[in-house]
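*Asks:* Below are the structure tokens for one structure; questions will follow.
What follows draws every value from the coordinates through simple rules; no lab data is involved. Predicted model, so just to flag it, every value in this text is computed and none were measured. Note: ideal-geometry Cβ built from the backbone for every residue, glycine included; neighbour counts use all protein chains shown.
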Amino acid sequence: MIKTIAIIGKPNVGKSSLFNRIAKQRIAITSDFSGTTRDVKTHEVEIFEKPCKILDTGGLDDKDELFKNIRVKSLETGDRADIIVMMIDGKMPPDDEDKKIYYSLQSQNKPIALVINKIDNDKEMQRAWEFTEFGAQNVFPISVSHNRGVTKLLEWISSNLPENQTKIVIQEDDNEFDLDDFSEKEPVLKEIDKEETNEINVAIIGRVNVGKSSLLNSLVGEERAVVSSIAGTTIDPVDENITYKDKIINFVDTAGVRRRSKIEGIEKYALMRTNAMLENADIALLVLDSSEPFKELDEKIANLADKNSLGVIIVLNKWDKRLESYEESIDEIRDRFKFLAFAPIVTVSALSKQRVHKIKDLILSVYENYKRRIPTSKLNELIKKATIRHQLPADKTKRIKIYFATQYDIKPPKIALVMNKPKALHFSYKRYLLNQLREEFLLEGTPVLLYPRAKGEKDEDQ
């Protein structure tokens, strides 16, 4: 079992900066605002070639409801970790609260380091001696921002990790190329083979306070994300995975989105991080609040999923407090989100876990459609029937022809229509063909992208 290292301490002592330093990339958002980190951030790393998992926790404070919940979550993480790194601010004198936290963590009888951060130069090293009153055995004066003393801390962590038993085996690849496959004379677009994976990346998106974090907790079966009545509780995207029916589902609870005029401070970073997460997602769970009227912002957030061509499941949360009947709610969603007509809708109550289990099966079903490969013969058979049933309109006096269709990519399905006049294909006819495809191949939950192309045109999205 891979060992975990929890980084614990008060707000603004540099926990997220150390986390990013060890991870060698900027994963956690850092700022001068107290309480920037609110949920537990997890990342697998190697420290001197020894694999482990580092956990960045929220600051220990209890000034309001949100911070009290963060404190509870952080201490619970410390209880579960194998190694604890407690950080304190070296520019501040030792205080009794820090001592209480340290002694509480020390009583768990697991390796613990007292890390005195912000010791930026030799002169400030004098202040580090003030912390000997903690009685800590493993003390590390460091400066994360100047990368001073961090190596000694990593050496101590490594000494408490087991040796890496993994052996890398390199096998010869017997696959061969056929250069004829790349002939410039070949007009048929080749399908792109994407590597099969057992993982599904699911982003949970929605306005602030619609219940995204509660939904994540219900889906993974534990209190993974901090939940509070304060809007904007989640700042850093929170990731967690479960294994369900032989699939690994990676959930990311993204920061709630506000109207642009209300986005300020660290929420700007959060919105940038949310967009980055969506670029790597397969499916978006669009969470809507059924206890209040839908808003224009809901549509703008839904557009993020559309922009990234993701599979979509619409989750109507807080159904136990719904304002409208089922029929009225569905009608309004279908009217407001016409561009997501393909998305299934599920009504849930994340807090009571009512019908939340249905989402997992929907994710598997939508993902199968998202990576669906339609045989070329069946695809062309359908296109032929569709054009006979409803003929292509002429472009002035010249007849428009579809020579053939082929799927050249998945996630989502991308289909090229090779034509004599691709720019003349009207959007209404394109929509007709899409409807025919959905009716024939039952592609619920996934967008399908149709690209009209001329013969010999390069295999790139237009």
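*Asks:* Kindly provide the GluC sites (Glu not before Pro) of region 275-309 that DSSP labels as loop, not H, G, I, E or B, and whose Cβ sees at most 15 other Cβ atoms within 10 Å.
*Replies:* Filter output for region 275-309: empty list.
*Asks:* Students often get this wrong, so check it: of 360/385; 50/91; 41/360; 41/353; 307/423, which have C-alpha atoms separated by over 28 Å?
*Replies:* Where the Cα-Cα span goes over 28 Å, the pairs concerned are 360/385; 50/91.
*Asks:* My understanding is that a pair violates if its Cα-Cα distance is over 30 Å; which of 212/378; 321/430; 245/430; 110/245; 53/99 do that in this structure?
*Replies:* Over 30 Å apart, Cα to Cα: 212/378; 321/430; 245/430; 110/245.
*Asks:* If amide H atoms are built 1.01 Å from N in the plane of the peptide, which residues on other chains or at least 5 residues away come under 5 Å of the amide H of residue 9?
*Replies:* 60, 87
*Asks:* OK, next. Could you give the spread of the C-alpha atoms of region 318-409 along their three principal axes, from largest to smallest, in whole angstroms?
*Replies:* Taking max minus min along each principal axis of the Cα atoms, region 318-409 gives 60, 29, 19 Å.
*Asks:* How much length is gained if the chain between residue 428 and residue 2 is pulled fully straight, taking 0.36 nm per residue apart and subtracting their Cα-Cα distance, in nm to one decimal?
*Replies:* Length gained between residue 428 and residue 2: 147.9 nm.
*Asks:* I would also like to ask the following. Once label points are set 7 Å from the Cα along Cα→Cβ at both residue 420 and residue 80, what is their separation, rounded to one decimal in nm?
*Replies:* Distance between label points: 6.4 nm.
*Asks:* Taking the Cβ of residue 135 as the centre, find all other residues whose Cβ is under 15 Å away and add up their charges (Lys, Arg: +1; Asp, Glu: -1).
*Replies:* Net of charged neighbours comes to -2.
*Asks:* Pop a pseudo-label 7 angstrom from the Cα along the beta-carbon direction at both residue 360 and residue 389 and give the gap in nm to one decimal.
*Replies:* A separation of 3.8 nm, rounded to one decimal place.
*Asks:* Right, here's the next one. Calculate, for residue 243 and residue 399, the FRET efficiency according to 1/(1 + (r/R0)^6) with r their C-beta to C-beta distance and R0 35 Å; round to the nearest 0.05.
*Replies:* My answer for the efficiency is 0.05.
*Asks:* Give the Rg/Rh ratio for region 376-454, taking Rg as the radius of gyration of the Cα atoms and Rh as the Kirkwood radius, to two decimals.
*Replies:* When Rh is taken as the Kirkwood radius, the ratio is 0.94.
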